[in-house]
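Here the structure is laid out as structure tokens; the discussion comes afterwards.
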Amino acid sequence: MPDFLLNALLAGLALAVVAGPLGSFVVWRRMAYFGDTLSHSALLGVALGLLLGVSPTLAVTVGCVLLAVLLVALQQQRLLASDTLLGILAHSTLSLGLVTLSFMRDVRVDLMGYLFGDLLAVSSEDLAWIIGGSALVLTLLVVLWRPLLAITVHEELARVEGLPVATIRLALMLLIAVVIAVAMKIVGVLLITSLLIIPAAAARRHARSPEQMAIGASLLGMLAVCAGLSLSWYQDTPAGPSIVVGAAVFFLCSALLPRFRSSPASATR
Amino acid sequence: MPDFLLNALLAGLALAVVAGPLGSFVVWRRMAYFGDTLSHSALLGVALGLLLGVSPTLAVTVGCVLLAVLLVALQQQRLLASDTLLGILAHSTLSLGLVTLSFMRDVRVDLMGYLFGDLLAVSSEDLAWIIGGSALVLTLLVVLWRPLLAITVHEELARVEGLPVATIRLALMLLIAVVIAVAMKIVGVLLITSLLIIPAAAARRHARSPEQMAIGASLLGMLAVCAGLSLSWYQDTPAGPSIVVGAAVFFLCSALLPRFRSSPASATR
Amino acid sequence: MSELLASLENINVHFSGQTVLENAALRVKSGEIVTLIGPNGAGKTTLVRAVLGLLKPQSGNVWRKTDLRIGYMPQKLQVDASMPLSVERFLRLVPGVARTGALDALAQVGAERVIDSPLQGISGGELQRVLLARALLRQPELLVLDEPVQGVDFAGQAELYQLITRLRDQYGCGVLMVSHDLHLVMNTTDQVICLNRHVCCSGHPEQVSNDPAFVELFGQGVRNLAIYHHHHDHTHDLHGSVQRPPVQSDDCKDCKHA
Amino acid sequence: MSELLASLENINVHFSGQTVLENAALRVKSGEIVTLIGPNGAGKTTLVRAVLGLLKPQSGNVWRKTDLRIGYMPQKLQVDASMPLSVERFLRLVPGVARTGALDALAQVGAERVIDSPLQGISGGELQRVLLARALLRQPELLVLDEPVQGVDFAGQAELYQLITRLRDQYGCGVLMVSHDLHLVMNTTDQVICLNRHVCCSGHPEQVSNDPAFVELFGQGVRNLAIYHHHHDHTHDLHGSVQRPPVQSDDCKDCKHA
Amino acid sequence: EGEVKLLTSIKPLQLIAAAVQDGVGKPAVLLPPGASGHHYSLRPSDIRSVREAQLFYWIGQDMETFLIDVVHDRQGPSISIQTLPDLQLRYFGQEHGVGHHDTEHDQDHRPGSLDAHLWLQPSNALLIAKRMAADLTIADPVNTERYQANSVAFEQRLEMLDKRLRKRLAGLSDKSYFVFHEAYDYFEATYGLKHAGVFNISGEVQPGARHIAELRERLQKAGPSCVFSEPPLRPRLVETLSANLPVTMAEIDPMGTGIEPHAQGYEELLERLTEQLSGCLEKL
Ligand SMILES: Nc1ncnc2c1ncn2[C@@H]1O[C@H](COP(=O)(O)OP(=O)(O)OP(=O)(O)O)[C@@H](O)[C@H]1O
Ligand SMILES: Nc1ncnc2c1ncn2[C@@H]1O[C@H](COP(=O)(O)OP(=O)(O)OP(=O)(O)O)[C@@H](O)[C@H]1O
Ligand SMILES: [Mg+2]
Ligand SMILES: [Mg+2]
Ligand SMILES: [Zn+2]
């Protein structure tokens, strides 16, 4: 196997592992479009970075974190669903970025360059970052697992039971935001958001507990990475999209397959 | 006023009017990302259209309609929230489009054309389409208003009360899909999705009934169109993004303003 | 004059392998109040949903009069917070209802006060009353109520049951309801169906309350209940002394009463 | 030995201009069962949420013992369908709980059967029991229950009230609960607070049930209730003949009782 | 046998390389015609061909950002054209006709940044060819003479081409035309043409209302003029703005789409471009 494929495989697997549990939270908390929102807001980050003379990468990362904080603040009002808030933030920041750029006539911004990485272009240094980062995020997730679950199941119950709900929620948001912001730059926003939501959604139907869903999502994600890279290798298709197609196929199978016996049935609302 | 600006203004106003009530449904039904999903799937539509020798516009429109039907089918399972389903569809179709295109080396697709239309490029013929279409959609909305509300409030209650829930839901989806698909081609997906969700969300806080929210959203949308086009004219900023920024400013004001007295309070879940 | 409105036979329902209903049956006629009782998880809501066509049983026959106008009050209702919906507007989703009509219906259930409140902001008992009001507004031929007085305050419970009886008398509609308030229900019901996965016993309240299966299912507490019920009627009987054999009772020896 | 756990004074709450609580007050000590009663929309849930710190009153003092361990059972709970969550896993979200512990708690509330069911799939009464089990699992110093037996079946209601009393006796925890089951509550409560936007009257159950404000609030039905209550105790009294003046009753002339 | 594997990032560079390698080898190209670096997703074969190429030519990191990491991992020499000495480079906003300052740029190619369409100037093409010949000579000393000969022949053909083009375009400098994409500054500077305005086509940042008003005014003032689009893009803006004006629409292609790589490919590119330009302008 050529080294670039090995790098891609390892990076993909590391991301898939961490995307399993993180993506489960994304699905439970209805934040499927968090990644897209962050990528939309990146343009504003770049524009402001140029304006303030900060490095764009730093500006984008700071921007992502600020956006996560803003989202948490807006969610407090509880009048609007998360997806609406994400939609508003995404389109507002993108537009603000475009308007800002139209005032700065003498800079050229390669918008897409900041957003779309490429899995096949992952260098050994990138790989080290991804693996280290994934390990760190996984550790944090394991440590915070129970409180995170508790606030996701019922926030008020968690609050009464003495958990620092606001802090934990912010921690989760920041965790997701940082993972997306970093992975976006290295492997692209399309791949990272897909790895977050598609395997988790596919695992939902056959999982009987949050842990099963998280681990199932990790495994499905890893399978999708292997399948996608094989497709890419043998059929010479682009790597990132091939992995997403692989994950989508697994989702379809999971939706059509009969459910495991005595697994949780659908709730009748 | 130069005639292109007049065209833009009229088209913007017509879209804002119809986007008010339609966007309210989008917000209530958590489909904020429907527009983005449709635009992502446009690439697949174009690719398949080229493959089958159909005109891309037709292929994209048919694709949008199919996607709406698929979404309705997936929502029946009720295990996953709409935003997750939309995210899966968006990323899967985009990736499938990219993979398909990678087999067709010599084809050049103007993806951006579908994402960023231009309000300032609206021709008189476009304008006629927009105004006629808006009038038609508005009429349909008025006719279907009560059943649409009923299924949105509580689907089972509506079903017991004898409404053809599946048909009405499909009708709503197709209405939204067609409006987005057509508007996307003419003014771009950024502008149309923003006009759908931002004014409706801004109107939410101060509305006491669905009708107030729908009409308030229409009015706010029209204000945003006027404000945005003024900004574009006086500061020479891009028209679409300027309107979105205008709408976002209204949303911010609405979020910070004290609520009207005795308006519905936030639900405590 | 009394016309059959709905009839279920041999209903079987499983959820992921677990049997929830087994050979259940049910008939509702116009002008009749049928009450489903049974322990939690007995399948009452499930049976009601089968009557309404919201759930397709794995086997069995479901028959409803064509174009039956149903007023339904679900056991729980949650409306998205993103929808600005006052109680008035919620009631006026029923075609042909004006504000005065909505106010009348609310007055009947004792909840006029909340007519302008947001639906998502009202208290549990208020919501229950509003749901009942909505069911009434449909001028139903069949009224289906899943635990109508759950969370309703003490005075309201008796009032609402009286209201239901009055409606039946006035409009001759059929009523199918689920309830745990044995002491209130026994007064106001024409037929009681005692459910625990299958129909344990059914018949007139007096017959049922003396059925051994009934006593076994609900515990000795129901003996006091019968007394209380009579006491409330001011006919001071002895403690369940009359032990007539039940008329329409199934054999219940094989029940595993939870 | 009995220690003050929580105390509220002069609580005022408005929702968008409407007054929901006015000068309400409340004290819960360990080993004591305090029951909030009152009509729908009286502000009971609101007051409970103020005790829990889930809601900040517009004015008034809220005091809680530092690091008070609270077991809370909300009036309603809705968990997103996208989360695969069995009842067992839900109970085991409480730190330090094993499957056996969860099973024990479920057995106490009579719901062992659903331990492996999905939380979103269980029936209304089952959910209620599960919520109570979870509150118990926290081994609370203060147990806060908002309508604990709502939707629970006939036999279960009495059992659960007995369970609550037993827990108080065994662990000496304080209990604050909201209830509409006057006939069951009166037996098991140390203190009754009768709420209707403000505190109408409060005190021992016997005192309160003879208070004119109480009768006015709940209607003549409560007279029968008192009898039933005594009847249940097998002390055959006359119909509310003893009319002692209430001890801790506020003046209630200005109440507009809905 | 022993052919040097030469890879270029885009078609025009491949055409130049084809002239140099004529009779010795066939250069390959990475991007399919019309692919934009923006949406291009790499395939394994792309990586492999970049890795395996002995010589790799790309415009540079300003233009092809997505190649930076891939080029980084290469063993053999990679030549970034924009860094070649003596090349005449232009920067957007560097020099202008008087007047329309702010409206002159399309948004993909912002002022101050490198104008990457450097191959449209024959002298630059020659410099690139010479560099290629030198690199090939080192990589493949056996065919030194052939490369030198090809290079000299290319130079001679370019001189003739230059004369032909000047003749063809002479007298058209006063014709008014508009382009969609500011890609022709090198070509125009060489042959004394000047576009009257730029429409903005793709790219995320659309022009403002003021810009469009000015463009409309200029279209009106310009009288009969040509508007050149690049297939398959045909922004609707132009149709809206030129409605009821004596405007001729035509297509123009700076990338050499569809030209088979052969020794005369580069000339074909410029000749086609010239034909397309003059074909429309002559009729005005
Ligand atoms: N969607 C579902 N998935 C799995 N199990 C279910 C589902 N719906 C109901 N059940 C199970 O079926 C049984 C019957 O439920 P149902 O809601 O009909 O009970 P019920 O008689 O209405 O009880 P209650 O008095 O508590 O309302 C319960 O044990 C419940 O756990
Ligand atoms: N978020 C809110 N917005 C507006 N009004 C509210 C809100 N929450 C509660 N209310 C109103 O405050 C009053 C008190 O509500 P609360 O839930 O405390 O009543 P309750 O005593 O618990 O009633 P129930 O016995 O029905 O549960 C009700 O009239 C209700 O409509
Ligand atoms: Mg039920
Ligand atoms: Mg309450
Ligand atoms: Zn260019």
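Looking only at the stretch D:67-114, residues that are open to solvent by 10 Å² or more (accessible area, probe 1.4 Å), away from chain A (no Cβ under 12 Å) and of a type in the set (A, V, I, L, M, F, W, C) come to 3 in all. Taking the listed residues B:Ile197, B:Ile180, B:Ile215, the one that is under 16 Å from B:Val17 (Cβ atoms), crowded, with 24+ Cβ neighbours inside 10 Å and either within 14 Å of chain C (Cβ to nearest Cβ) or hydroxyl-bearing (Ser, Thr, Tyr) (or both) is B:Ile197, with no other qualifying. Take the residues of the stretch C:167-196 that are of a type in the set (Asp, Glu) and modelled with pLDDT of 85 or more: which is least open to solvent (accessible area, probe 1.4 Å)? Once the filter is applied, the top-ranked residue is C:Asp190.
Looking at E:Ala209, E:Ala183, E:Ala196, E:Ala170, just one residue is within 16 Å of ligand 5 (Cβ to nearest atom) and either modelled with pLDDT under 90 or within 14 Å of chain B (Cβ to nearest Cβ) (or both), and that residue is E:Ala183. Could you check, for the stretch C:133-142, whether at least one of its residues is over 16 Å from the mean Cα position of the chain (by Cα), crowded, with 24+ Cβ neighbours inside 10 Å and within 16 Å of ligand 2 (Cβ to nearest atom)? No, the stretch C:133-142 has no match at all. Give the residues of the stretch C:122-164 that are of a type in the set (D, E, K, R) and under 25 Å from C:Leu68 (Cα atoms), sorted by residue number. Matches in the stretch C:122-164: C:Arg129, C:Arg134, C:Arg138, C:Glu141, C:Asp146, C:Glu147.
May I ask you to verify whether C:Val48 is assigned to a helix (DSSP H, G or I) and within 16 Å of ligand 1 (Cβ to nearest atom)? Against the criterion (assigned to a helix (DSSP H, G or I) and within 16 Å of ligand 1 (Cβ to nearest atom)), C:Val48 qualifies. Scanning the stretch E:212-238 for residues that are modelled with pLDDT of 75 or more and open to solvent by 20 Å² or more (accessible area, probe 1.4 Å) turns up E:Glu214, E:Arg216, E:Glu217, E:Arg218, E:Gln220, E:Lys221, E:Ala222, E:Pro224. From the list A:Val225, A:Val245, the one residue that fits, being open to solvent by 10 Å² or more (accessible area, probe 1.4 Å) and either hydrophobic (A, V, I, L, M, F, W, C) or closer than 21 Å to A:Tyr33 by Cα (or both), is A:Val245. For the stretch D:143-164, taking the residues that are more than 16 Å from ligand 3 (Cβ to nearest atom) and either touching a Cys at 6+ places or on another chain (Cβ under 6 Å) or free of Cβ contacts under 8 Å to residues at least 60 places away in the same chain (or both), the one that is most open to solvent (accessible area, probe 1.4 Å) is identified as D:Gln162. Tally time: how many residues in the stretch E:160-184 are open to solvent by 10 Å² or more (accessible area, probe 1.4 Å) and more than 30 Å from E:Leu237 (Cα to Cα)? Count: 8. Can you find, within the stretch D:51-66, the residue that is most open to solvent (accessible area, probe 1.4 Å) among those that are in a loop (DSSP other than H, G, I, E, B) and within 14 Å of ligand 2 (Cβ to nearest atom)? Only one residue fits best here, namely D:Lys56.
May I ask you to say which residue of D:Met73, D:Met1 is within 16 Å of ligand 2 (Cβ to nearest atom) and modelled with pLDDT under 95? Unique residue meeting the criteria: D:Met73. Against the conditions (1) within 14 Å of chain C (Cβ to nearest Cβ); (2) surrounded by fewer than 22 Cβ atoms within 10 Å (Cβ to Cβ), D:Thr46 satisfies every one except (2).
Go through the stretch D:90-106 and report how many residues are part of a helix (DSSP H, G or I) and in contact with a helix residue (DSSP H, G or I) (Cβ under 7 Å, 6 or more places away or on another chain). So the count comes out to 8. Here is the figure for the stretch B:44-81: residues that are open to solvent by 20 Å² or more (accessible area, probe 1.4 Å) and under 26 Å from A:Ala224 (Cβ atoms) total 14. Residues in the stretch A:25-43 that are open to solvent by 30 Å² or more (accessible area, probe 1.4 Å) and within 30 Å of A:Ser209 (Cα to Cα): A:Arg29, A:Arg30. So, D:Asn40, is that one open to solvent by 20 Å² or more (accessible area, probe 1.4 Å) and either within 16 Å of ligand 5 (Cβ to nearest atom) or not acidic (Asp, Glu) (or both) or not? For D:Asn40, the condition - open to solvent by 20 Å² or more (accessible area, probe 1.4 Å) and either within 16 Å of ligand 5 (Cβ to nearest atom) or not acidic (Asp, Glu) (or both) - is not met.
Of everything in the stretch D:3-28 that is in contact with a helix residue (DSSP H, G or I) (Cβ under 9 Å, 6 or more places away or on another chain) and open to solvent by 50 Å² or more (accessible area, probe 1.4 Å), the residue that is nearest to D:Asp67 (Cα to Cα) is D:Phe15.
The values are calculated or read from the model by the stated rules, or taken from the named source; none is laboratory data. Model, not experiment: these values are computed from the prediction. Glycine gets a Cβ as well: all are built from the backbone with ideal geometry, and neighbour counts include every protein chain shown. Just the protein is used for accessible areas: all its heavy atoms, side chains included, with ligands, DNA and RNA removed. Shrake-Rupley method; radii C 1.70, N 1.55, O 1.52, S 1.80 Å.
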